[in-house]
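Report on the structure given below.
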Amino acid sequence: MDKTLCQYHPAQPATWHCVPCQRHFGDCCIPLNADAPDDSPVCPLCRRELTFLGAANTAQPFWERLPQFFAYGLQASSLAFSALLALAGLFMPRSLILWSILLSVATKYFHSVIESSSEGVREAPSLMSAFGGDGFSLFIKQVLVFAIALGALWLAADFNSETIFWVVNIAIVLLLPASIIRLALSKELGAALSPDQVGEVIKAMGWRYLILCAFLFILWQSPSYVAWMLSGGLPRVVLMPIATFLFGYFGVVMCSMMGYAVFQYQGALGFAIAEEGAQQGVPENEWRRRRALAEAEIRLKEGQSDGALETLANALQRDPEDLRLNERHHQLLFGLGAYERCLRHLDHYLPLAARQNPALAATALLNARQFKADFQPADALVCEQVAGALLDRHKVREALSLLRNLHQRFPDYPHIPRAYLLAARGFAEGLGQLEPAQKLLTYIRARYPASPLLDQVSALEGTIAKLGNAGR
Ligand SMILES: [Zn+2]
Ligand SMILES: [Zn+2]
């Protein structure tokens, strides 16, 4: 099954689906509200409730998680399980009842590993849970499945044809994992033997099911291989518990892998479970803001530019001082060529951006000048701040135009010396025009003899003098 992606962000996997709109959304488009975790999110376009896709498109493929499966078997509870098997193998008397109980416990434990892994739980089930009531019936069902497989093999051997025997052998190796998974999930013998239900598991995974079988086959061989390697040097009394322990450990690893494969292919198997810790909500204020930004982007990409503007305008009514919302609103108005609305919004946005992020204010000013060549901010401090940001971007002429005649435009502005010092720098260093720079410095000296900036004025005059001599 191929992964479905966010309709609007093709690099992001889809986690939500709107059935009426036929749109898939990723977490990128659907922020979650941590202050109301039970609210199910709605479609940004039609406001109807979204269908959760779980980790169907986000789960890491099982073949990339091999170390995690081996680590799974090393958790305290699963190690305790393997140790229990080893001790029982060593000390338990040869009694059919006792051994049936032990194998029931083992079957129950293996099946709970498959079940909880299929639900995305990373913690191994507790050993105590294996002593639950339905262990024996599960064991009998599992034994029946194995018995049928062995019976088929025995029948095939009867044909005296090596081809038939191997075909049946391989078929059993390939079908058993899916059948065990079915039994673990539904706990019904009928499901484990039903070609439809077993086939559904295989179909959901496609050819990757073969990878799963290959891994399981290798894991299945591992305990006997390790025991065989050790068999040379160790007495039987030591070897037996080691082999049983390894059987338990590798069994848990195999079951966690089978369970995870179900989790990974949950979409194709028809259920939706989130990965542990994957769904992180944000506080309500941040959530509103992110939701508005995502919705505006979605509406714009759907060609609903009026809807996008409305979304942002509504969000701005609630949070008029939010820089990011204002910036998006400005970009949208500019991009749509909404001349008047854009200039009106700048009255509010420009001072805000000049305070918080002058570089954004510089961009906004350059945008505004494309609409209105002689656009000037209505505030002297904003002029000065934006001019500074424009100078940083080497937009010298635009910067100087903001500072021109500042003392006449804003006679009460207290920072004229600072602004004109900035302008003088722009003339001298940005444009190489020493004369107007010197004029501005002279003006500062004459008008503001007590200004604390006179040191900097002298320093700049020194630079101008040097530049002047070098130019001569
Ligand atoms: Zn998205
Ligand atoms: Zn919808």
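The values are calculated or read from the model by the stated rules, or taken from the named source; none is laboratory data. Predicted model, so just to flag it, every value in this text is computed and none were measured. Don't worry about glycine lacking a Cβ; one is built from the backbone with ideal geometry, like all the others, and counts go over all protein chains shown. Note: accessible area is taken over every heavy atom of the protein model, side chains too, but ligands, DNA and RNA are not part of it. Shrake-Rupley method; radii C 1.70, N 1.55, O 1.52, S 1.80 Å.
Mind jotting down the distance between the C-alpha centroids of the range 395-472 and the range 316-358, whole Å?
With the range 316-358 and the range 395-472 each reduced to a Cα centre, they are spaced 31 Å.
Can you tell me how much longer the chain between R397 and L366 gets when fully stretched, taken as 0.36 nm per residue apart minus their C-alpha distance, in nm with one decimal?
My answer for the length gained is 10.0 nm.
Can you give the three extents of the C-alpha atoms in the range 62-269 along their principal axes, from longest to shortest, in whole Å?
If we take the Cα atoms of the range 62-269, the spans are 45, 43, 34 Å.
Please list the non-local residues whose amide H lies under 5 Å from the amide H of N33, H modeled 1.01 Å from N, same-chain partners needing a gap of 5 or more.
V282
Name the lysines eligible as straight-distance cross-link partners of K395: C-alpha to C-alpha under 27 Å, and not fewer than 8 places from it in the same chain.
K372, K439, K466
Just check the chain against the gyration tensor rule for me: Cα atoms, a ≥ b ≥ c as the square roots of the eigenvalues, rounded for a/c under 1.5, and otherwise prolate or oblate depending on whether a/b exceeds b/c.
In terms of gyration-tensor shape, prolate.
Efficiency by 1/(1 + (r/R0)^6): what FRET value for Y413 and A268, r their Cβ-Cβ distance, R0 = 45 Å, to the nearest 0.05?
In this case the efficiency is close to 0.10.
With a 1.4 Å probe and all protein chains left in place, how much of the accessible area of the chain comes from carbon and sulfur atoms, in whole percent?
Here it works out to 59 percent.
For helix 339-356, what angle does its Cα long axis make with the longest principal axis of the chain, in degrees from 0 to 90 and rounded to 10?
The angle comes out near 80 degrees.
How much accessible area per residue does the range 13-156 have, in Å², with a 1.4 Å probe?
Per residue, the range 13-156 has an accessible area of 50 Å².
Once phi is turned into ³J(HN,Hα) by the Karplus curve 6.51 cos²θ - 1.76 cosθ + 1.60 with θ = phi - 60°, what whole-Hz value does each residue of the range 226-238 show in order, with x for glycine and proline?
Running phi through 6.51 cos²θ - 1.76 cosθ + 1.60 with θ = phi - 60° gives 4, 4, 5, 5, 7, 4, x, x, 10, x, 4, 5, 8 Hz.
Can you compute 3J(HN,Hα) from phi for each residue in the range 271-276, using the Karplus curve 6.51 cos²θ - 1.76 cosθ + 1.60 with θ = phi - 60°, rounded to whole Hz and x for Gly and Pro?
9, 9, 10, 7, 6, 4
Calculate, in nm to one decimal, what E119 and A34 gain on full extension: separation in residues at 0.36 nm each, minus their alpha carbon distance.
28.4 nm
Which aspartates and glutamates have a Cα less than 15 Å from the Cα of K203, not counting those fewer than 8 places away in the same chain?
Within the straight-line limit of under 15 Å, K203 reaches these aspartates and glutamates: D2.
Ignoring ligands, DNA and RNA, what accessible area per residue does the range 205-332 give at 1.4 Å, in Å²?
Each residue of the range 205-332 exposes 49 Å² on average to a 1.4 Å probe.
Under a 5 Å amide H to amide H cut-off, with H placed in plane at 1.01 Å, what residues pair with F25 once short-range neighbours are removed?
Amide H to amide H, under 5 Å and 5 or more residues apart or across chains, F25 pairs with Q7, T15, W16, H17, C18.
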